């Protein structure tokens, strides 16, 4: 068997490394690298529902799934399900009253009702504008979509042309690395600098080093210019659409303010009740079950005599704040 297969000429191996280096460095500046960049986004965080799920589970266990024979028996009290004494009922009322004050805007802030009214007004105005300008908006949408299709085609053609030119240039530099010892040594030296720049995350330095080797840079501005030349600029949105977008943004901002106010009210309820969050939610759910039973003139179950006495004494106050 030919020993050349096992013992490659060192100079040929070195040439191959240089050619590969040129290809790798060129790839760093082609659209494929750009296209693989990860896109970031703004996402809103969902509210933590762990406490409420725990409360619901315990309520179902202690009140909702009892048999008829044990329906009147009070639950087993623990660190979450506290007996609703007069002091604790007072605490729940105090917390709910304080939370309602936050929602009512006491302290100079906007009330929840006013924020909801402003949000609904913005949404109504937006809907009215849309209804009154259907023909105008449809005509704009059609014109915009046509322009975008033209521009996409023009940009794709420009990008393909650039890619072919970049590939040709890379091949020329690879050939030069094989035939020109000076250029070959230059490639090896620059690749060492590129490795250092990559460790530092210095993309500007990497682009500079690639330019020293004569590698083409991905110039996406050329694609946009080609689209402008072939199709013209995208049509400007009509004033009515600009106003609709403004109203959408206003409604979204008000929705966020409402959410923040509701979270503040919920936190205030717990704080002023002097219970833990889990204790407060459990007490509130049990009080709602009591009020529901009283509303429909049925006997409330799963309450101790002490609890029924405390709840009956403050029933009117509880109905006002629940």
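Read-outs: derived from the displayed coordinates by stated rules, not from any lab. Please read these numbers as outputs of a predicted model, since none were measured by experiment. Counting neighbours? That spans all protein chains shown, and the Cβs are built from the backbone with ideal geometry, glycine included.
A few notes on this one:
- Spread of Cα-to-Cα distances over 10 Å intervals beginning at zero, given as percent, for region 127-198: 16, 20, 19, 14, 12, 11, 7, 1
- Spatial separation of Cα centroids for region 201-261 and region 270-312, in angstrom: 55 Å
- Extension gain, residue 129 to residue 322, is 65.6 nm, computed as 0.36 nm per intervening residue step minus the present C-alpha separation.
- Length gained on full extension, residue 101 to residue 159: 14.8 nm, using 0.36 nm per residue less the C-alpha separation.
- Cα pair distances in region 259-322, grouped into 5 Å bins until the bin that holds the longest one, percent each: 3, 16, 23, 25, 17, 9, 5, 1
- For a label point 7 Å along the Cα-to-beta-carbon line of residue 167, residues of region 193-215 with backbone N under 19 Å: 215
- Stokes-Einstein D in µm²/s, Kirkwood radius over Cα pairs - region 110-233 at 37 °C with 0.692 mPa s viscosity: 166 µm²/s
- For region 209-322, radius of gyration divided by Kirkwood radius, i.e. Rg to Rh on alpha-carbons: 1.48
- Additional length obtainable on full extension of the chain from residue 262 to residue 203, 0.36 nm per residue less Cα span: 16.7 nm
- Multiplying each eigenvalue of the alpha-carbon gyration tensor of region 160-265 by 5 and taking the square root yields semi-axes of 50, 25, 8 Å, largest first, rounded to whole angstroms.
- Backbone N under 15 Å from the residue 136 label point (7 Å along Cα→Cβ), restricted to region 232-255: 236-247
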